[in-house]
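Data first, discussion second: the structure below is written as structure tokens.
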Amino acid sequence: MSADLPVLYSFRRCPYAMRARLAVKVAGLACALREVKLAAKPAAMLDASPKGTVPVLVLRDGTVIAQSLDVMRHALARHDPEGWLERDDAALVARNDGAFKHHLDRYKYPERHASDPLEHRAAGCAILADLDARVAANGQLCGPTRGLADMAIVPFVRQFAATDRAWFDAQDLPALRRWLDGHLASELFASVMDKYAPWQPGDATVRFG
């Protein structure tokens, strides 16, 4: 581990890792970013968190934070310049991580789950219709400006939309589509999507946050 920085193990395309990076970045929590190749996870990450999933944040005192929402809240508890913690909705995020993620996986990877992708696409879209109504009423999910709920959920909506973007764009989800595209085009989102080679011991530190 870098002597003076916490270490964040991440994988660029993972929505859980993505939302952790968004919070770390907006909080200005400086850390050493280590990109992980999921097929060859580094021993240092597995030693810290045997569950083997990203993100994993290892603090300077050795404390390990191995759940994405906990990483988000840890970073924002230190510094929350936009007030993201004020715009959270635990039930909304839990539905995203539960029911919506269930349908997303079975829509995106039907061969892996032996599932009917159209059935799960429709079920996922029904959840998105509720998000569309919230955004239409509020501007964002929990108010007029982005907050924790938005940034915890947007990486998963991104993945759902990207599975078949032409189909997604044809759905009656105008507010949600603007919400998604606005976040994807933001400076913050761009700043957490840089590409890095998978980390190996001895590599130079990639400073992030």
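Some points to look at:
- Residue check, residue 51 without any contact (Cβ under 8 Å) to a residue 40 or more places away in the chain and either in contact with a helix residue (DSSP H, G or I) (Cβ under 6 Å, 6 or more places away or on another chain) or of a type in the set (Lys, Arg) (or both): yes
- A single member of 120, 102, 113 is surrounded by fewer than 17 Cβ atoms within 10 Å (Cβ to Cβ), over 16 Å from the mean Cα position of the chain (by Cα) and free of Cβ contacts under 8 Å to residues at least 60 places away in the same chain, and it is 113.
- Subset of the stretch 55-81 (residues that are part of a loop (DSSP other than H, G, I, E, B) and charged (D, E, K, R)): 60, 61, 80
- Considering residues of the stretch 35-59 that are in contact with a Pro (Cβ under 8 Å, 6 or more places away or on another chain) and either closer than 15 Å to residue 5 by Cβ or not assigned by TED's automatic domain parsing to the domain that holds residue 198 (or both) only, the residue surrounded by the most Cβ atoms within 10 Å (Cβ to Cβ): 57
- Unmet criterion (only one of (1) surrounded by fewer than 13 Cβ atoms within 10 Å (Cβ to Cβ); (2) assigned by TED's automatic domain parsing to the domain that holds residue 12; (3) among the charged types (D, E, K, R)) for residue 203: (1)
- Any hit, the stretch 134-145, residues being hydroxyl-bearing (Ser, Thr, Tyr), at pLDDT 95 or above and farther than 23 Å from residue 74 by Cα: no
- Pairing residues of the stretch 60-84 that are buried (at least 19 other Cβ atoms within 10 Å of the Cβ) with residues that are at pLDDT below 95, at Cβ distances under 7 Å and at least 6 apart in sequence or on separate chains, gives 66/51.
- Qualifying residue in the stretch 27-34 (condition: without any contact (Cβ under 8 Å) to a residue 40 or more places away in the chain, outside the structural domain of residue 155 (by TED's automatic domain parsing) and assigned to a loop (DSSP other than H, G, I, E, B)): no
- Count - residues of the stretch 129-160 that are among the basic types (Lys, Arg) and within 14 Å of residue 16 (Cβ to Cβ): 1
- Verdict on residue 93 being more than 28 Å from residue 129 (Cβ to Cβ) and buried (at least 18 other Cβ atoms within 10 Å of the Cβ): no
- For the stretch 93-136, a tally of residues being under 16 Å from residue 179 (Cα atoms) and of a type in the set (A, V, I, L, M, F, W, C) returns 8.
- Check on residue 158, touching a helix residue (DSSP H, G or I) at 6+ places or on another chain (Cβ under 8 Å), touching a residue at least 24 places away in the same chain (Cβ under 8 Å) and not in a helix (DSSP H, G or I): no
The values are calculated or read from the model by the stated rules, or taken from the named source; none is laboratory data. These numbers come from a predicted model, not from an experiment. Note that each Cβ is placed from the backbone with ideal geometry, even for glycine, and that neighbours are counted across all protein chains shown.
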